[in-house]
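The values are calculated or read from the model by the stated rules, or taken from the named source; none is laboratory data. Predicted, not measured: the structure shown is a model, and the values here were computed from it. Cβ placement follows ideal geometry from the backbone for every residue including glycine, while neighbour counts extend to all protein chains displayed. We work out accessible area using only protein heavy atoms, side chains counted, and drop any ligands, DNA or RNA first. Shrake-Rupley method; radii C 1.70, N 1.55, O 1.52, S 1.80 Å.
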Amino acid sequence: MAEGAQTIHAELIAVLVAVTQGVPRVLTLADGSALPEGPLEPTHRSLQSGLRAWVEQQTHHPLGYVEQLYTFADQARSAKAPPEGRSISISYLGLTREAAPQGAISWQDWYRYFPWEDRRGENKREPTLMEARMREGLARWDGGDVTRRMRVASAFGLDGVAWNEELVLARYQLLYEAGLVHEAARDGRAAHGEPVPGTPMVADHRRILATAISRLRAKIKYRPVVFELLAESFSLLDLQRCVEALAGQRMHKSNFRRVMEGQNLLEETGKFTSGPGRPAKLFRFREAIRAERDITDTRLPTVRT
């Protein structure tokens with residue numbers, strides 16, 4: 001290595017998502033403060049094969065659907081960087097079904113980290129205490145600057161702008177810039193108010209998780225990837241609750257079913273749910289949909305109430 005050249009520490013990091021009983025869950029290490037990660041080794045045949053190898057070894061959880069998410073290489077982004085070196089993380093998004101954790105891993109509700117993103121119980125009302133605190137802190141941060149104010153309005157659906165559920169990363173980044181999340185204080189940024197609720201994570205793992213949620217919320221609008229998260233057969237209500245959990249918003253039941261019927265994504269199994277209440281038909285995704293995972297002209301509805 002040439003004198004003065006930086007040492008590069010490359011790591012692979014996984015955001016593994018499941019939806020269990022209407023709760024979007026993410027697989028974490030330790031006490032829930034870190035995402036699964038491991039180094040890229042010379043013996044790894046490819047990035048994805050390396051990811052699969054050490055994640056399955058570390059978590060004892062097999063990986064199904066996986067796609068590359070983003071490469072993070074900001075300076076001083078990780079305590080694992082070598083002296084006078086640089087750390088980069090190549091992140092992946094994986095969709096799976098929750099299994100009993102083994103070892104020092106746990107499944108966490110992703111709204112534990114971003115409580116402001118769950119709007120399923122929201123209706124026309126006054127802002128909650130958390131929302132009021134965010135607005136006050138962001139107003140102090142923008143200080144009347146028009147450009148900053150426009151960024152806040154666009155991200156948080158203020159001043160007549162509609163809420164966009166995909167802007168998870170933009171909202172977290174603004175709260176970080178305003179010093180309103182715990183990671184900002186850790187990194188020495190000026191605070192414009194008390195940190196808002198939301199569990200912090202090591203290094204920039206909460207930023208990586210925000211990136212993954214943004215990607216998945218956008219993806220469910222144009223690719224039927226949620227079948228990776230559902231059982232082999234499911235009711236339409238199961239499907240609707242899964243999509244709502246990911247999007248963080250409620251949908252109109254009749255509109256959801258009408259859109260689903262028009263998409264030709266599902267087929268009946270001939271079976272019904274059992275248990276208390278009226279039995280509901282069970283469906284499965286058509287085999288052609290499973291075979292054409294990258295299809296782009298079928299989408300799951302994101303119709304809101």
(Q) Just the residues that are within 24 Å of residue 201 (Cβ to Cβ), assigned to a loop (DSSP other than H, G, I, E, B) and small (Gly, Ala, Ser), please, taken from segment 136-182. (A) 178, 179
Q) Are any residues in segment 211-255 assigned to a loop (DSSP other than H, G, I, E, B) and either touching a His at 6+ places or on another chain (Cβ under 6 Å) or of a type in the set (Ser, Thr, Tyr) (or both), and if so, which ones? A) 222, 233, 235
Q) For segment 220-275, which residues satisfy the criterion of being among the hydroxyl-bearing types (Ser, Thr, Tyr) and surrounded by 13 or more Cβ atoms within 10 Å (Cβ to Cβ)? A) 222, 233, 235, 269, 273
Q: Find all pairs meeting these conditions: Cβ atoms under 9 angstrom apart; at least six residues apart or on different chains; first residue within segment 258-283 and acidic (Asp, Glu); second residue assigned to a loop (DSSP other than H, G, I, E, B).
A: 267/286
Q | Failed item in (1) open to solvent by 70 Å² or more (accessible area, probe 1.4 Å); (2) part of a helix (DSSP H, G or I), with residue 194 passing the rest | A | (2)
Q | Single condition residue 53 does not satisfy, out of (1) surrounded by 15 or more Cβ atoms within 10 Å (Cβ to Cβ); (2) in contact with a strand residue (DSSP E or B) (Cβ under 7 Å, 6 or more places away or on another chain); (3) at pLDDT 65 or above | A | (2)
Q | Checklist (1) within 17 Å of the chain's Cα centre (by Cα); (2) within 18 Å of residue 138 (Cα to Cα) applied to residue 183, failing item | A | (1)
Q: Kindly indicate which of 168, 146, 152 is open to solvent by 20 Å² or more (accessible area, probe 1.4 Å) and modelled with pLDDT of 95 or more.
A: 146
Q | Residue list for segment 256-279, filter: among the small types (Gly, Ala, Ser) and either part of a helix (DSSP H, G or I) or at pLDDT 90 or above (or both) | A | 262, 270
Q.
Can you confirm whether residue 202 is at pLDDT 90 or above, of a type in the set (A, V, I, L, M) and in a loop (DSSP other than H, G, I, E, B)?
A. yes
